[in-house]
1. Å³ per residue of the Cα convex hull, for segment 6-107?
2. Run the helix sum for the chain: -39,500 (n - 2.57) per DSSP H stretch of 4+ residues, divided by residue count, reported at 222 nm to the nearest 500 deg cm²/dmol.
3. Rounded to the nearest 10 Å², what accessible area does Arg12 have for a 1.4 Å probe in the complete protein model?
4. Which percent of the accessible heavy-atom area of the chain goes to carbon and sulfur, probe 1.4 angstrom?
5. Chymotrypsin sites (Phe, Trp or Tyr not before Pro), restricted to segment 70-118: which are DSSP loop and have at most 11 other Cβ atoms within 10 Å?
6. Select from Pro57, Leu27, Gln110 the residue farthest towards the positive end of the dipole of the chain; place +1 on Cβ of Lys and Arg, -1 on Cβ of Asp and Glu, and compute about the Cα centre.
7. Can you give the alpha-carbon Rg of segment 1-55 over 2.2 N^0.38 Å, where N counts its residues?
8. Rounded to whole Hz and in sequence order, give me ³J(HN,Hα) for segment 29-46 from the Karplus expression 6.51 cos²θ - 1.76 cosθ + 1.60, θ = phi - 60°, writing x for Gly and Pro.
Amino acid sequence: MTGDTLFGKIIRREIPADIVYEDDDVLAFRDIAPQAPVHVLFIPKNVHIPTLDDLRPNDAGLVGKLVLAAAEYARREGFAQDGYRVVMNCRDDAGQTVFHIHLHLLAGAQLGHFGTPR
Ligand code: 5GP
């Protein structure tokens, strides 16, 4: 149910992670290679959905929960007013490396441009 990916192993506590947020549906932990002073990954913790392309209409609530969890975390940590960015990568051209959908929350500095070709 949680799948055979790195993030499935983190959900099952088979490998360690710096967990910063958890509720019934969502787990969040610090990215191991942060791209900003704050870089947290928000993932569904009860289902394994490999990519955004695998989402179906009845997953809308789950995706909303990822976004709302990130927004709540930003308020709780005190950087919501300064601002932040959320990013979800889908497959090769976006650089997706872990095939368990996840939302990146980036904050803590003025963020540079994004979306330029590699
Ligand atoms: P993607 O590139 O798939 O959108 O994002 C995957 C993210 O997972 C990357 O930002 C990468 O740094 C992060 N990551 C890879 N391995 C680990 C790990 O073992 N622990 C944690 N916390 N993050 C990881």
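1. Details: hull volume 10.2 nm³, N = 102.
Each residue corresponds to 100 Å³ of Cα convex hull volume.
2. Numbers: 3 runs with 28 residues, N = 118.
Taking each H run of at least 4 residues, the total per residue is -7000 deg cm²/dmol.
3. 90
4. The value for the chain is 52 percent carbon and sulfur by accessible area.
5. On the way: sites: Tyr73, Phe79, Tyr84, Phe99, Phe114; in loops: Phe79, Phe99, Phe114.
Those that pass, being in a loop and sparsely packed, are Phe114.
6. Gln110
7. Numbers: Rg = 11.3 Å, N = 55, 2.2 N^0.38 = 10.1 Å.
In units of the globular-protein estimate, segment 1-55 measures up at 1.12.
8. 8, 5, 5, 6, 10, x, 9, 7, x, 10, 9, 10, 9, 10, 10, x, 9, 10
The values are calculated or read from the model by the stated rules, or taken from the named source; none is laboratory data. Keep in mind that what you see is a predicted model, and the values were worked out from it rather than measured. Note that each Cβ is placed from the backbone with ideal geometry, even for glycine, and that neighbours are counted across all protein chains shown. Ligands, DNA and RNA are stripped out before the accessible areas are found, and what is left, the full protein with its side chains, is counted by its heavy atoms. Shrake-Rupley method; radii C 1.70, N 1.55, O 1.52, S 1.80 Å.
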